Structures are given as structure tokens and as C-alpha cells.
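J.: Here you go, one structure.
The values are calculated or read from the model by the stated rules, or taken from the named source; none is laboratory data. If you're wondering where the values come from, they're calculated on a predicted model, not measured in any experiment. As a convention, Cβ positions derive from the backbone with ideal geometry for all residues, glycine included, and neighbour counts pool all protein chains shown.
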Amino acid sequence: MAIRVVVAGATGWAGAAVARSILAANDLQLVGAVSRKHAGLDIGAALGLKPSGVTIRDSVEDALQEPTDVLVDYTHPLTVKGHTLSALNHGVHVVIGTSGLNGMDYEEIARVAVDKSKGVVAAGNFSLTAALAKHFSLIASQYLSSWEIIEYADMAKVDAPSGTVQELAESMGEVRRPKLEIPVDQILGSPATRGATIAGVQVHAIRLPSYTLGFEIIFGMPNERLQIRHDAGRDPEPYVSGTLLAVRRVTQLVGLIRGLDHLLFPNEAQ
Ligand SMILES: NC(=O)c1ccc[n+]([C@@H]2O[C@H](COP(=O)([O-])OP(=O)(O)OC[C@H]3O[C@@H](n4cnc5c(N)ncnc54)[C@H](OP(=O)(O)O)[C@@H]3O)[C@@H](O)[C@H]2O)c1
């Protein structure tokens, strides 16, 4: 039987690409779509496809009145947590693409997911190559003691750091806290120029036109450097296959998995 999916944010940049691919997949069925501005329209027609028979709703609560297996959320940092908890309370698994949640939010989501015996897969970045960049960085951080992260995004991005780098810094900080010669609070001048400290990792967020989303981990050693960098382009395609992989796997899970790399490399300690 096909997995029944509701996409919240189905008319947005990322959600529309995910909704299109779900409509085209034989093993997935789009049973609901959420957007406030397009409520009442057929989602197929709204995406420039043939009518699908699925009417866009203006809230996740409404869309979940339809029998649903998985909610995919690509909406807004301020709404994603409410959507997730609402879906879990309806007995629906969740795939979180939206950024902006912090560690405490995820702790709460994990508790509710276990309580409801449902799965949640959240990834700051559902691109397969970004997941590989994270995986390689986690391996490198086992051997190298000093690194910092720079992220690049469009100046219109409302949250910082990106979900990608929040997750990356937390995962790398769990491997080890990078060594700082001068602690940030002992810096003379303007300590803020050393960036934000996330899980012990210095993170520098740049917001300028012409960037979509990129991140770079710089490992510094005496007389040598290693740089691992990922850059995404203007189209949302990189995020679709990872999101659909999560949709297909989440129905077999209970609790929270954070990071596409944990789905790709489930047997490796990270
Ligand atoms: N994890 C990843 O790999 C990944 C990849 C791409 C993007 N993202 C994240 O995904 C999120 C969405 O990004 P985007 O670029 O696709 O944004 P976007 O183009 O602005 O699309 C947002 C979508 O959510 C809907 N929406 C917004 N607020 C809503 C609400 N309160 N209730 C219901 N629907 C709502 C919008 O429709 P209406 O305004 O009509 O309601 C629209 O369909 C961001 O947090 C972004 O950082 C993550």
C-alpha cells in the first residue's frame, strides 16, 4: 500500500518540488497539501500539473483530517514545531525539512514521538552530497583538533545559523570540542567577530545576495589546512531525494533521528 503523505508548505520553493515528486511516485500518495495563500485550489493545478484531486488546506490540522501516514514540513521556523507536535498527536510520522528548531525543541519532539510510538526524521539539509560533507567532517574531527565553520546564505534568510550548520556544529561538537588557543571571552577588541559558539564550535554566518546555501568546515593544523565545502544552487532538486528517502524510512521508526547521514550510514558511530 502506498505511503499517504501530507506536505505542509507544498507551494513553497522546497515543498513544491517535494510535492511534485510525491505525485509522480508509485509508492507514495499525496493525500494533503498545506498553504494559506493557495487554500481551496487543487495542488496539481497550483503546481502547473494536471489536477490531482487533492485540495490545498490552510492549516495542518485541517489537512490531517485525511488518513495520513507521514507529514512533511517545509514551512517556516515559527510554525514547524507546532505542526510536528500536532501530527504526532494525530498518530502521524513526521519528516522535518524546515530549519530553526534548537536542541531543546528536538528534545521535546523526541519525547512526544516516543510517547506516541511514531518516528520523526529531521535534517537541516536533505541533500545527499551535503550529508556526505557532514559525514566526512565527522570523520575528520576524530583526527584533527581545531576547526571552525563558515556558512553562506542569501540575505533574505530569516534564521541563523541555518538548520544545516546548527546540526553540523552540534554533531561535530559531540565528537570533540575544537581547541581554541585564546578563549573567545578573552579576545581583545570585539569578541563578537569570532562568531557564535555552538556546541563549542565557532560558527560564522554570512548573508549576501548571490548565495543560496553553502557551508565550509576549515580544519587548521600547523602548516596545513583541510577544507570541506558544500554549495547548493538555486533549484531545490538536491533536497528532494533525501526527503523522499526519509518519508519511506520514517514509518518504520520510533523516536527522533536527526541528520540524513544517520539514515545513509546507520551502522556507523557518529
Ligand atoms: N532541510 C533541507 O534540506 C531544506 C531545504 C530547503 C529549505 N529548507 C527550509 O525549509 C523551510 C521552507 O523553505 P522555502 O525556501 O521552501 O520557503 P518558502 O518558499 O517561503 O515556502 C514556505 C511554504 O510554507 C507555507 N507556509 C508558510 N508559513 C505557513 C504557515 N504558518 N502555515 C502553513 N503553511 C505555511 C508557504 O505557503 P503560504 O505562505 O501560502 O502559507 C509556502 O508554501 C525553511 O526553513 C528552509 O530553511 C530546508
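J.: Test of understanding: among Leu188, Leu180, which residue is without any contact (Cβ under 8 Å) to a residue 40 or more places away in the chain, surrounded by 13 or more Cβ atoms within 10 Å (Cβ to Cβ), of a type in the set (A, V, I, L, M) and in a loop (DSSP other than H, G, I, E, B)?
T.: Values: Leu188 fails: surrounded by 13 or more Cβ atoms within 10 Å (Cβ to Cβ).
Result: Leu180 is the single residue among Leu188, Leu180 that is without any contact (Cβ under 8 Å) to a residue 40 or more places away in the chain, surrounded by 13 or more Cβ atoms within 10 Å (Cβ to Cβ), of a type in the set (A, V, I, L, M) and in a loop (DSSP other than H, G, I, E, B).
J.: Take the residues in region 39-63 that are in contact (Cβ under 8 Å) with a residue 24 or more places away in the chain and within 15 Å of Leu23 (Cβ to Cβ); name whichever of them is surrounded by the fewest Cβ atoms within 10 Å (Cβ to Cβ).
T.: Selected residue: Leu49.
J.: Moving to a separate point now. Whether any residue in region 54-66 is within 8 Å of the ligand (Cβ to nearest atom) and of a type in the set (A, V, I, L, M) is what I want to check.
T.: Quick first cut of region 54-66, residues within 8 Å of the ligand (Cβ to nearest atom) only: 58-60.
Then keep just the ones that are of a type in the set (A, V, I, L, M); that gives 60.
The answer is yes; a qualifying residue exists.
J.: Only residues that are under 12 Å from the mean Cα position of the chain (by Cα) and surrounded by fewer than 19 Cβ atoms within 10 Å (Cβ to Cβ): list them for region 71-84, please.
T.: Step one: list which residues in region 71-84 are under 12 Å from the mean Cα position of the chain (by Cα), which gives 72-77, 80.
Passing the criteria: His76, Pro77.
J.: For region 214-230, does any single residue satisfy the condition of being in a strand (DSSP E or B), surrounded by 15 or more Cβ atoms within 10 Å (Cβ to Cβ) and touching a Lys or Arg at 6+ places or on another chain (Cβ under 6 Å)?
T.: Checked against the condition, which is being in a strand (DSSP E or B), surrounded by 15 or more Cβ atoms within 10 Å (Cβ to Cβ) and touching a Lys or Arg at 6+ places or on another chain (Cβ under 6 Å), region 214-230 yields at least one hit.
J.: Specify which of the listed residues (Val203, Val165) is in a helix (DSSP H, G or I), crowded, with 17+ Cβ neighbours inside 10 Å and aliphatic (A, V, I, L, M). Spell out how you get there, then give the answer.
T.: Working: Val203 fails: in a helix (DSSP H, G or I).
Within the list Val203, Val165, the selection yields Val165.
J.: Moving to a separate point now. Taking only region 1-47 into account, find how many residues are farther than 19 Å from His83 by Cβ and charged (D, E, K, R).
T.: 3
J.: Could you list, in sequence order, the residues of region 85-105 that are without any contact (Cβ under 8 Å) to a residue 40 or more places away in the chain and within 13 Å of the chain's Cα centre (by Cα)?
T.: Ile96
J.: Out of curiosity, is Ala25 away from the ligand (no atom under 14 Å from the Cβ), assigned by TED's automatic domain parsing to the domain that holds Gly103, among the hydrophobic types (A, V, I, L, M, F, W, C) and surrounded by fewer than 24 Cβ atoms within 10 Å (Cβ to Cβ)? Don't jump to the end; show me each part of the working.
T.: Details: away from the ligand (no atom under 14 Å from the Cβ): yes; assigned by TED's automatic domain parsing to the domain that holds Gly103: yes; among the hydrophobic types (A, V, I, L, M, F, W, C): yes; surrounded by fewer than 24 Cβ atoms within 10 Å (Cβ to Cβ): yes.
Against the criterion (away from the ligand (no atom under 14 Å from the Cβ), assigned by TED's automatic domain parsing to the domain that holds Gly103, among the hydrophobic types (A, V, I, L, M, F, W, C) and surrounded by fewer than 24 Cβ atoms within 10 Å (Cβ to Cβ)), Ala25 qualifies.
J.: Now a separate question. Which one of the conditions (1) more than 19 Å from Met1 (Cα to Cα); (2) in a loop (DSSP other than H, G, I, E, B); (3) away from the ligand (no atom under 11 Å from the Cβ) does Gly44 fail to meet, given that it meets all the rest?
T.: (2)
J.: Moving on. Looking at region 62-158, what helices (runs of 4 or more DSSP H) fall wholly within it and have at least 2 residues that are touching an Asp or Glu at 6+ places or on another chain (Cβ under 7 Å) and at pLDDT 95 or above?
T.: On the way: elements: 80-89, 103-115, 128-143.
Passing ranges, in order: 80-89, 128-143.
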